[in-house]
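The values are calculated or read from the model by the stated rules, or taken from the named source; none is laboratory data. In this text the structure is predicted, and so the values were computed from the model without any measurement. Positions of Cβ are generated from backbone atoms using ideal geometry, with glycine treated the same way; all protein chains shown enter the neighbour counts. What goes into the accessible areas is simple: the full protein's heavy atoms, side chains included, and nothing from ligands, DNA or RNA. Shrake-Rupley method; radii C 1.70, N 1.55, O 1.52, S 1.80 Å.
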Amino acid sequence: MALTGRAGLLALLGALAVGLLAPAWWGLVLMTGLLVVLVCVDVALAGSVRALHLDRSGDVAVRLGEPATVSLRVGNGSGRRVRGRVRDAWPPSAGATRQRHALDVPPGESRQVVTTMRPTRRGDRFAHRVTIRALGPLGIAGRQGSHEVPWRVRVLPPFTSRKHLPSKLARLRQLDGRASVMIRGQGTEFDSLREYVVGDDVRSIDWRASARAADVMVRTWRPERDRRILLVLDTGRTSAGRVGDAPRLDAAMDAALLLAALASRAGDRVDLLAYDRRVRARVEGVTGSELLPALVEAMAPLEPTLVEPDYAGLVSTVLARMSRQSLVVLLTGLDATPVREGLLPSLPMLVRRHRVIVASVGDPRVDAMAAGRGDAEAVYDAAAAERARAERDQVGELLSRRGVEVVDGSPAELPPMLADRYLALKAAGRL
């Protein structure tokens, strides 16, 4: 049962009327009795909340930062009109702009209310219960009940680095034989012959073809296709650290999506593995236009886990799934202790069989702190920032000595830097 603001108004009017006709204590008794009678009548005549039938429709997936709408249909199967309010509850991170709606459903009919939301976090957002308050004809009381109407909106990674894709694809076209590329390596294959021009590598001169022609001829090469690339997302403790308004894991996902889009257009096969102490997500054998949707769908529900990653288990999992030489891109942190104690002992087995890139998300606030000299506190902050940068540089040097390519950049810089490193490997014939 629910009371509204009208009850106070009626009580006041009743008190005035009864107070003029009876002593004070009799007036109070009569006023209370009158109010109870009115409330009981209003509750008895209110529409039934239990007889309502509810179902949902609308968006089931949306990119982070974009709007989504979910409709709630309320059907009245009773013989009385249901008039009142409905609350469609969602978690705060769903970003629902309005959760309470007016409701007026005649008998045998249905009405629809729409909730518009703009999620503020990636992942699955689930609807809570729907609460309906049906008022009586006097509007001073009514009935209230809740219904479970399940619905899930999956908030996908935003892929903000997509803006870099056209420029990277233009460079890829140069490496792909549409323009002459004078390279030779284990990852290249013969393309065609053309005349020598100043600046060409003399090692690419084809002397036999030159003897048959009137000019010096050189070979052009193009990168091989159908190479395998494994993107490994570390979902352990360090991926939970926030850089700006988002965890490091989100920035790593953005870099992985740009590289996947680029490598797919280059004709390479891209797989995904998310791991901390066990496999959290996996995408294998998906190619073409289905690759990016599959990656986005697999990444969307991932959340960092507050445990140290098991690098030995990660390397074993990679080696068990990748039999031929591949490019393994490990998106993880460059924190000194986890790398020295966990990753470095396991690297030799991985580097012997695969080419490895370690990509890490740096915090631009560290660079800002390192430049501070305003007061004593800023100087101490700058010293701490310089020490943190020195430790990251030392870890990067340790990885480089073991044959690992290291890419370290801020959330905005890492995706294009990682794509450039992939293209450089292609251009050098090392992939």
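Quick notes on this structure:
- Test result for Arg355, under 23 Å from the mean Cα position of the chain (by Cα) and open to solvent by 10 Å² or more (accessible area, probe 1.4 Å): no
Listed here are the residues, each with its yes/no results for (1) in contact (Cβ under 8 Å) with a residue 40 or more places away in the chain; (2) crowded, with 21+ Cβ neighbours inside 10 Å; (3) in a loop (DSSP other than H, G, I, E, B).
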site: Met349; (1), (2), (3): no, no, no
site: Ala359; (1), (2), (3): yes, yes, no
site: Arg373; (1), (2), (3): no, no, yes
site: Val379; (1), (2), (3): no, no, no
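- Pairs meeting the criteria (first residue in region 77-95 and within 17 Å of Arg63 (Cα to Cα), second residue open to solvent by 60 Å² or more (accessible area, probe 1.4 Å) and of a type outside the set (A, V, I, L, M), beta carbons under 7 Å, at least 6 apart or on different chains) are Ser93/Thr120; Ser93/Arg121; Gly95/Arg118; Gly95/Thr120.
Yes/no matrix, rows are residues, columns are (1) out of contact with any Phe, Trp or Tyr (no Cβ under 7 Å at 6 or more places or on another chain); (2) of a type outside the set (S, T, N, Q); (3) touching a residue at least 24 places away in the same chain (Cβ under 8 Å); (4) over 23 Å from Pro348 (Cα atoms):
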site	(1), (2), (3), (4)
Ala266	yes, yes, yes, yes
Val283	yes, yes, no, yes
Gly288	yes, yes, yes, yes
Leu306	yes, yes, yes, yes
Gln325	yes, no, yes, no
Gly333	yes, yes, yes, no
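- Residue ID - modelled with the highest pLDDT, chosen from residues in region 128-165 that are more than 30 Å from the chain's Cα centre (by Cα) and among the aliphatic types (A, V, I, L, M): Ile132
- Identity of the residue in region 245-271, within 15 Å of the chain's Cα centre (by Cα) and not in a helix (DSSP H, G or I), that ends up modelled with the highest pLDDT: Pro247
- Residue within region 47-56 that is surrounded by fewer than 15 Cβ atoms within 10 Å (Cβ to Cβ) and at pLDDT below 85 present: no
- Answer from Ala388, Ala368 - the residue that is in a helix (DSSP H, G or I), at pLDDT below 90 and loosely packed, with under 15 Cβ neighbours inside 10 Å: Ala368
- Single residue of region 186-238 satisfying the filter (among the basic types (Lys, Arg) and open to solvent by 50 Å² or more (accessible area, probe 1.4 Å)) that is modelled with the lowest pLDDT: Arg222
- Checking Gln394 against (1) farther than 25 Å from Ala428 by Cα; (2) open to solvent by less than 80 Å² (accessible area, probe 1.4 Å); (3) touching a residue at least 40 places away in the same chain (Cβ under 8 Å), the condition it does not meet: (2)
- Set side by side, the residues Ala96, Ala89 differ, and just one is modelled with pLDDT under 95 and in contact with a Phe, Trp or Tyr (Cβ under 6 Å, 6 or more places away or on another chain), which is Ala96.
- Every test in (1) open to solvent by less than 10 Å² (accessible area, probe 1.4 Å); (2) closer than 20 Å to Ala46 by Cα is passed by Pro107 save one, and that test is (1).
- Filter result (open to solvent by less than 30 Å² (accessible area, probe 1.4 Å), free of Cβ contacts under 8 Å to residues at least 60 places away in the same chain and not basic (Lys, Arg)) within region 110-130: Val113, Thr115, Met117, Pro119
- Residue in region 72-84 that is among the charged types (D, E, K, R), in contact with a Phe, Trp or Tyr (Cβ under 9 Å, 6 or more places away or on another chain) and not in a helix (DSSP H, G or I) present: no
- Top-ranked residue in region 315-329 [being at pLDDT 90 or above and open to solvent by less than 10 Å² (accessible area, probe 1.4 Å); ranked as farthest from Glu284 (Cα to Cα)]: Val315
- Whenever a residue of region 239-259 is under 10 Å from Pro304 (Cβ atoms) and open to solvent by 20 Å² or more (accessible area, probe 1.4 Å), its partners that are part of a strand (DSSP E or B) and not aliphatic (A, V, I, L, M), lying with C-beta atoms within less than 8 angstrom and at least six residues away or across chains, give the pairs Ala240/Pro247; Gly241/Pro247; Arg248/Arg242.
- Any hit, region 72-89, residues being more than 23 Å from Arg50 (Cβ to Cβ), touching a strand residue (DSSP E or B) at 6+ places or on another chain (Cβ under 6 Å) and not acidic (Asp, Glu): no
- Residue match in region 263-279 (condition: β-branched (Val, Ile, Thr), crowded, with 22+ Cβ neighbours inside 10 Å and within 24 Å of Arg227 (Cβ to Cβ)): yes
- Residues of region 273-323 that are closer than 23 Å to Arg352 by Cα and small (Gly, Ala, Ser): Ala274, Ala312, Gly313, Ser316, Ala320, Ser323.
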